[in-house]
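> Here you go, one structure.
The values are calculated or read from the model by the stated rules, or taken from the named source; none is laboratory data. Quantities reported herein were computed from a predicted structural model and do not represent experimental measurements. Ideal geometry is used to build each Cβ from the backbone, glycine not excepted, and the neighbour counts take in all protein chains shown.
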Amino acid sequence: MTAPRFLLVHPVDAPPAAVWEVLTDIAGAPQVLTGVEEVEILSDGPYAEGTRWRETRSMLGMTGTMELEVVEAEPLQRTVIRSAVGEIGYRTVFTLRELVGGDTELRLESVAELPLRRGPRALVDGASARFGLAASKPTMTQDLADIAAAAARRAR
């Protein structure tokens, strides 16, 4: 079974450095991202592989808290964040590409990581993962718009 996923692409009127600054400012997320209410940093040091935090956000009329971890970080180019809901993992890949003129294309790919199972449980996991991605897609679309707006303000 192919892992459920979605891809979003958003143009940003700012250079990659400004986008990266917003994207990696975990403590500042509640001031930038519409749906994020609170962040608790769980690790020390600057944004890098191993950075962990708890994020409380509103989605679908409910509030929930999730732990996230940076599993890859290539400054100004790409970062991968992993989270989990129950036994289903989610990997979110942000990619920054500089455009002609200095602006940025910001891409977000979200992929569900399903446990290896067979039979009915595998079908249930797949359906749960697809639902989770579908439910988060509007939120992630808004996150990209919020990141783009904040990066454009910082670049002025």
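> Going through the stretch 20-36 one residue at a time, which ones are out of contact with any helix residue (DSSP H, G or I) (no Cβ under 6 Å at 6 or more places or on another chain), within 14 Å of Asp143 (Cα to Cα) and not hydrophobic (A, V, I, L, M, F, W, C)?
Thr24, Asp25, Gly28, Pro30, Gln31
> Next up: Just give me the residues in the stretch 38-63 being closer than 15 Å to Ser83 by Cβ, among the hydrophobic types (A, V, I, L, M, F, W, C) and touching a residue at least 60 places away in the same chain (Cβ under 8 Å), in sequence order.
Result: Met59, single match.
To keep it simple, each residue is scored yes or no on (1) in contact with a Lys or Arg (Cβ under 9 Å, 6 or more places away or on another chain); (2) over 25 Å from His10 (Cα atoms).
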{"residue": "Leu42", "(1), (2)": "yes, yes"}
{"residue": "Pro46", "(1), (2)": "no, yes"}
{"residue": "Glu49", "(1), (2)": "no, no"}
{"residue": "Glu55", "(1), (2)": "no, no"}
{"residue": "Ser83", "(1), (2)": "yes, no"}
{"residue": "Arg91", "(1), (2)": "yes, no"}
{"residue": "Val100", "(1), (2)": "no, no"}
{"residue": "Glu105", "(1), (2)": "yes, no"}
{"residue": "Ala112", "(1), (2)": "yes, no"}
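> List the pairs whose first member sits in the stretch 135-156 and is modelled with pLDDT of 90 or more, whose second member is charged (D, E, K, R) and assigned to a helix (DSSP H, G or I), and whose Cβ atoms are under 7 Å apart, counting only residues at least 6 apart or on separate chains?
Within 7 Å, the pairs are Arg154/Glu21.
> Any idea which residue in the stretch 97-116 is surrounded by the most Cβ atoms within 10 Å (Cβ to Cβ), counting only those that are under 14 Å from the mean Cα position of the chain (by Cα) and modelled with pLDDT of 95 or more?
The selected residue is Leu106.
> Now for a different question. I'm checking my understanding of the structure. Among residues of the stretch 36-57 that are within 17 Å of Ile147 (Cα to Cα) and touching an Asp or Glu at 6+ places or on another chain (Cβ under 7 Å), which one is modelled with the lowest pLDDT?
Arg57
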